[in-house]
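What follows is calculated from the coordinates using simple rules that are stated; it is not laboratory data. In this text the structure is predicted, and so the values were computed from the model without any measurement. A quick note on method: Cβ atoms are made from the backbone with ideal geometry, for glycine too, and the neighbour counts reach across all protein chains shown.
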Amino acid sequence: MTATDKHNTFMHALPVDDNGFYGHFGGAYIPETLRKNIDELREAFYRYAADESFKADFDALMRDYVGRPSPLYYAPRLSERYGTNIYLKREDLNHTGAHKINNAIGMALLARRMGKKRIIAETGAGQHGVATATVCALMDMECTIYMGAVDVERQLPNVQRMKMLGAKVVAVQSGNKTLKDAVTEALNDWCVNPESFYLIGSAVGPHPYPEIVSHFQSVISAEMRSQLLTHTGRECPDAVIACVGGGSNAAGAFYHFLDEKDVRLIAVEAAGKGVDTDMHAATLTLGKEGVLHGSRTMVLQTPDGEVMEPYSISAGLDYPGVGPLQAYLAETGRAEVLAATDAQALAAAMLLSRLEGIIPALESSHALAALEMLRFKPDDVVVVNLSGRGDKDMNTYLANLPG
Ligand SMILES: *Cc1c(COP(=O)(O)O)cnc(C)c1O
């Protein structure tokens, strides 16, 4: 069976049971008022994900609107530097500049099939907000984006993009006024307006969201397999490296290799100022089990069980939880977990810019930083998922990088 066939037919390629548990992580811890919405969403997803005309609509938009397949680029100078064969999966070349559009399009198509006319979403850095506002314009849907008031201020260009695309941006004033609070407000809106569709931005939240997001992002590893076959003569690399915020680009990059035991899966989270400080977002490394946003997963917590405020130089990795799939892969040892500091990510961004002429998103730079921490053999094939482009991060780069 080819990767494409798998993508078409394997509805349950994920290690998830009927109740949405990945091992003991996941599930749907939701208020009764959301139960009906969640049931309706799950049924619609299983129906349409297996539907040929739905798949045809998704594939056509991936090709003609997003620009897929995204290239798998052999990076010669980076490869030479690390003494191995490094390929970059160029999600940065997608329309709107990151992998998030894959999921936004899949879910908006699902919303349309379900007869929904209004979309709710949350955003941190604004990347998911922009992707959602984009698909809402494309599909003529009303769009409300919740964003922490602090993030509204520090991510102004993305707020302006969302507004130009016709979205209503609500600045959330509760809590720490960042992503966690925006998710909470978006879920509240959904409770009050159950006829709306909640378009979540990462592989987090109550079942079936992590499964839906992973499914739409799995296009990344489906393409990797056929592209690797062309480039190297085999479908499987020796390692796949991805950064982890909520875990959606990692889920997409790992998906079609989960059962390939010889493929190392390497998840890189944000160590911020260091895992020995209290300024980090290293949830898999330092979190404890808990329930956050409807899912049992690893959560950064204070000793008395309060959700900790995470920190990362990269807004897209600045989340105190992580999706249940990544928690499961880490716990079972299927994925190796590394943590890269702000400084390591910045250095990796500079290196890629100068060696390959590609300015990566700060999030993706964390995945690149792992190359410094690992040793590969000269014949190894290593794929780094370049989840997004760095345009949005220019201010941070300019403020932090030498010359
Ligand atoms: C949002 C974002 C991430 C982190 O989210 P995941 O769900 O963990 O993928 C990573 N890279 C980029 C470019 C992003 O915009």
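Here the range 295-346 was treated as a single set of alpha-carbon atoms; its pair distances binned every 10 Å from 0 give 22, 44, 33, 1 percent. Scaling the Cα radius of gyration of the range 1-124 by the globular reference 2.2 N^0.38 Å produces a ratio of 1.32. Panel note: the C-alpha atoms of the range 348-403, placed on their principal axes, show extents of 37, 22, 18 Å (largest first). Pull up the DSSP beta bridges for the range 218-315 and report the antiparallel fraction as a percent, rounded to 5. Roughly 60 percent of the DSSP beta bridges within the range 218-315 come out antiparallel. Think of it as helices only: each DSSP H run of n ≥ 4 in the chain is worth -39500 (n - 2.57), and spread over all residues that comes to -12500 deg cm²/dmol at 222 nm. Note on Lys377 and Thr33: the model spin-label points, each 7 Å out from Cα along the C-beta direction, lie 5.8 nm apart. Going from the fewest other Cβ atoms within 10 Å to the most, the residues Cys243, Cys236, Cys191, Cys136 appear in the order Cys191, Cys236, Cys136, Cys243. Fewest neighbouring Cβ atoms within 10 Å first, the residues Val383, Val150, Val263 line up as Val150, Val263, Val383. Computed from the Cα positions only, the extents of the range 272-399 along the three principal axes stand at 45, 37, 26 Å, in decreasing order.
With a Förster radius of 22 Å applied to the beta-carbon distance between Leu398 and Leu156, the computed FRET efficiency rounds to 0.90. With the gyration tensor restricted to C-alpha atoms of the range 189-314, the semi-axes of the equivalent ellipsoid amount to 29, 22, 11 Å, longest first. The calculated Kirkwood hydrodynamic radius for the range 63-138 is 14.2 Å, given to one decimal from all distinct C-alpha pairs.
Volume per residue for the range 153-251 equals 159 cubic angstrom (convex hull of Cα atoms).
Beyond 29 Å, the tail of the calculated P(r) for the chain holds 37 percent of the Cα pairs. Picking from Val299, Val130, Val381, which is most flexible by a Gaussian network model of the chain using Cα springs under 10 Å? In the Gaussian network model the winner is Val381. Within the chain, DSSP assigns beta bridges of which about 30% are antiparallel (rounded to the nearest 5).
Residues whose amide H comes within less than 5 Å of that of Val170, counting only those at least five positions distant or on another chain, are Ile145, Tyr146, Met147 (H built at 1.01 Å from N in the peptide plane). Residue exposure proxy: Arg354, Arg81, ordered by other Cβ atoms within 10 angstrom of their Cβ from fewest to most, comes out as Arg354, Arg81. GNM remark for the chain: springs join alpha carbons under 10 Å apart, and the peak mean-square fluctuation among His280, His366, His293 falls on His293. In summary, the convex hull built on the alpha carbon positions of the range 242-329 has an orientation-averaged projected area of 5.8 nm². For Val381, the residues whose amide H sits under 5 Å from its own are Asp238, Ala239, ignoring neighbours fewer than 5 places away on the same chain, with H placed 1.01 Å from N. The range 77-229: percent of C-alpha pairs farther apart than 25 Å? For the range 77-229, the fraction of Cα-Cα distances above 25 Å is 32 percent.
Residue-wise HN-Hα couplings along the range 374-391, as the Karplus relation 6.51 cos²θ - 1.76 cosθ + 1.60 with θ = phi - 60° gives them from phi, are 10, 10, 10, 7, x, 8, 5, 10, 10, 10, 9, 7, 8, 5, x, 9, x, 3 Hz; Gly and Pro carry x. The charge dipole of the chain, taken about the Cα centre with unit charges on the Cβ atoms of Lys, Arg (+1) and Asp, Glu (-1), comes to about 760 debye, rounded to the nearest 20. Entry note, the range 51-106: relative contact order of 32 percent, from Cα contacts under 8 Å with a spacing of 6+ residues.
Membrane-span-like helices in the chain, defined here as complete DSSP H runs extending at least 18 Å along the helix axis by their C-alpha atoms with mean Kyte-Doolittle hydropathy no lower than 0.0, are 100-113, 179-192, 219-232, 342-356; this is a sequence and geometry rule, not a statement about a membrane. Using a Gaussian network for the chain with springs between C-alpha atoms less than 10 Å apart, which of these wobbles most: Asn385, Asn158, Asn249? Sorting by GNM fluctuation, first place goes to Asn158.
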